[in-house]
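Encoded as structure tokens, the structure appears first; notes follow it.
The values are calculated or read from the model by the stated rules, or taken from the named source; none is laboratory data. Since the structure is predicted, the reported quantities are computational estimates derived from the model, not experimental observations. Cβ sites come from the backbone with ideal geometry, for glycine too, and all protein chains shown count toward neighbours. Surface accessibility is based on the protein's heavy atoms, side chains included, excluding ligands, DNA and RNA. Shrake-Rupley method; radii C 1.70, N 1.55, O 1.52, S 1.80 Å.
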Amino acid sequence: QVQLVESGGGLVQPGGSLRLSCAASGSIFRLYTMGWYRQAPGKQRELVAAITVGGTTNYADSVKGRFTISRDNAKNMVYLQMISLKPEDTAVYYCNAFVVAQNYWGPGTQVTVSS
């Protein structure tokens, strides 16, 4: 069983920045593919960014150049650095771990971009 806990969400003005963090349990974190997803009201959950075991990253077109995913295997942490935030980035952001053909999810953290 993998447990994930997100932190770092909040209210930010357009053009601002936030860094989301996700703490993961488990002694084999380095083998997890990690990702960030988001879900806005009335919309489906969508992939924002992912990072593989080898460090390869993948981003949704809507966040390329603005968001950066990273991981620290020594600390069992994954991060999402977000800059130049837009109102359309408003959503609940979920941390995801994929390991041994299983998906695990955190409870989510709210990000609101508004003036």
Tally, over the stretch 99-113, of residues that are open to solvent by 60 Å² or more (accessible area, probe 1.4 Å) and either part of a loop (DSSP other than H, G, I, E, B) or modelled with pLDDT of 95 or more (or both): 5
The listed residue being touching a residue at least 12 places away in the same chain (Cβ under 8 Å), open to solvent by 40 Å² or more (accessible area, probe 1.4 Å), on the phi < 0 side of the Ramachandran plot and not basic (Lys, Arg), out of Asn96, Asn73, Asn58: Asn73
Flag for Gly16 being part of a loop (DSSP other than H, G, I, E, B), open to solvent by less than 30 Å² (accessible area, probe 1.4 Å) and touching a residue at least 12 places away in the same chain (Cβ under 8 Å): yes
Leu4, sole failed condition from (1) touching a residue at least 24 places away in the same chain (Cβ under 8 Å); (2) open to solvent by 70 Å² or more (accessible area, probe 1.4 Å); (3) farther than 23 Å from Val113 by Cα: (2)
Some residue of the stretch 38-53 being touching an Asp or Glu at 6+ places or on another chain (Cβ under 7 Å) and buried (at least 17 other Cβ atoms within 10 Å of the Cβ): yes
Count of residues meeting criterion [of a type in the set (D, E, K, R) and under 11 Å from the mean Cα position of the chain (by Cα)] in the stretch 14-44: 2
